[in-house]
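Report on one structure; see the data block that follows.
Where a number appears in this text, it was derived from the coordinates with a stated rule and is not lab data. Not measured: the values here are computed from a predicted model. Cβ placement follows ideal geometry from the backbone for every residue including glycine, while neighbour counts extend to all protein chains displayed.
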Amino acid sequence: MNLDIRRADQIDPAWLTAALRGSGALPTGQVSDFSMAPVGNGLVADSFRFRLVHDGPATAPTSLIGKFPSHDPVSRKSGTDHLLYVREVSFYRELAATLAIHTPRAHAAIIDPATDDFVLLLADLAPARQGDQLSGCSLADARVAMAEAAALHAPRWGDPLLPTLDWLAVRPAALGAMVDAMLPSIIGLFRERFAGLLAPEHLAMVEKLPAALIAMRGGVDAPITVQHADFRLDNMMFDVNGGARPLATLDWQTVTAGPGLTDVAYFLSAGITPAERRQHEAELVRFYHAELLRRGVRNYGWDACWRDYRRFTLHGILMGVFSALSVERTPRADALFLRMTEGACEQAADHGSFDFWV
């Protein structure tokens, strides 16, 4: 069933009926009414909860999450320039069903490639516990996240098809030159914004980032898999659907083909405090590695896993710096990106991560 693309304020009962009919979630009956309210902390897209009234079967959903391009022009431009919208829609269309990680079911995933207008209509995971990047998480939650990271990475580990997918790997890789060109000026603006808040030794690491990223793009001898690339607490919900599943991962706008340990290092730099990370990271990464092996990954020993964890911490610094200047500025966003950058710099310092690349 073909659906037209609509803004949130253009959605009507007939459109919702057609979407649910197409996904098989509403085989009979009609949506007669609904209400809509903003939800979530998304930085480059706007999300709303739709509460439905319908006369379909009791198993049909009465609540959905709709996701649309950001209302903010800076955030929307970033979403388009970095292929964030097309990547997320394509993830739900082509990849989600091939992975073991838990994600919400997509009842509609449509995009106009000419304008980047899109609609994602997703299952509502409530009641659930929303992850909060600024509050951090418990070690038990971090362990759950490591298990889900393995569930993401293991099924397509070393899959030679991934680097050939245009929307996942070919076009995102072509953005490297743009990032290289933009990064020096972004670092300058980042330095001005956070002067006096970020430690001098951390600012020095930020300054070294461009050369390290160029070296990383020169060739990485690590297995390639599906990488979330923004695998952090704000994009996670725990105890979803009242505890039916321990965790669901959202916001697949940055999905790419890359080393899985990037997601692991990024989560641990941003989700727990540096002191907790230093005390528990080896145990958590070993648990992730064991989960990879349990799910069928072969020829990837512990030494290689630990090496990759240590050298791919730089992604967290990049995400903190680049994202801060790419989305709508808010007090929460400033606090978030500062925390992310600090955590990743501490992690990189502990593991000598820059020494692998520069």
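If you build a Gaussian network model of the chain, linking Cα atoms that sit under 10 Å apart, which residue out of Asp221, Asp72, Asp141 swings the most?
Answer for the Gaussian network model of the chain: Asp221.
Run lengths n ≥ 4 of DSSP H only: what is the helix-derived mean residue ellipticity at 222 nm for the chain, with -39500 (n - 2.57) per run over all residues, to the nearest 500?
Rounded to the nearest 500, the figure is -14000 deg cm²/dmol.
How much length, in nm to one decimal, is gained on full extension between Arg298 and Glu192, taken as 0.36 nm per residue of separation minus their Cα-Cα distance?
Full-extension gain reported as 33.5 nm.
Would you work out the charge dipole size for the chain about its Cα centre, treating the Cβ of every Lys and Arg as +1 and the Cβ of every Asp and Glu as -1, and quote it to the nearest 20 debye?
So the magnitude is around 440 debye.
Quick check on the exposure proxy: order Trp357, Trp302 from fewest to most C-beta atoms within 10 angstrom.
So the ranking, lowest neighbour count to highest, is Trp302, Trp357.
On full extension of the chain, what length is gained from Asp132 through Leu175, given 0.36 nm per residue of separation minus the C-alpha to C-alpha distance?
Contour length minus Cα-Cα distance gives 12.5 nm.
Taking the Cβ-Cβ separation of Arg307 and Asp159 as r and a Förster radius of 30 Å, what is the calculated FRET efficiency to the nearest 0.05?
Efficiency for this residue pair is about 0.90.
Can you tell which of Pro172, Leu162, Ser70 lies farthest toward the positive end of the dipole of the chain, using +1 and -1 charges on the Cβ of basic and acidic side chains (Lys, Arg; Asp, Glu)?
Leu162
Expected output is a single nm value to one decimal: the length gained when fully extending between Ala282 and Val53, i.e. 0.36 nm times separation in residues minus the C-alpha distance. What is it?
77.5 nm
Does anyone have the angle between helix 302-311 and the longest principal axis of the chain? Alpha-carbon axes, 0 to 90°, nearest 10?
Compared with the principal axis, the helix lies near 90 degrees.
Among 209-215, 195-201, how do they line up from the highest to the lowest mean number of other beta-carbon atoms within 10 Å?
Ranked by mean Cβ neighbours within 10 Å, highest first: 209-215, 195-201.
Within region 46-67, name every residue whose backbone N is under 18 Å away from a label modeled 7 Å from Cα of Asp9 along the Cβ vector.
46-50, 66-67
Within 10 Å of each candidate Cβ there may be at most 15 other Cβ atoms; applying that plus a DSSP loop requirement, which GluC sites (Glu not before Pro) in region 258-358 survive?
The qualifying sites are Glu328.
Would you work out the charge dipole size for region 8-123 about its Cα centre, treating the Cβ of every Lys and Arg as +1 and the Cβ of every Asp and Glu as -1, and quote it to the nearest 20 debye?
320 debye
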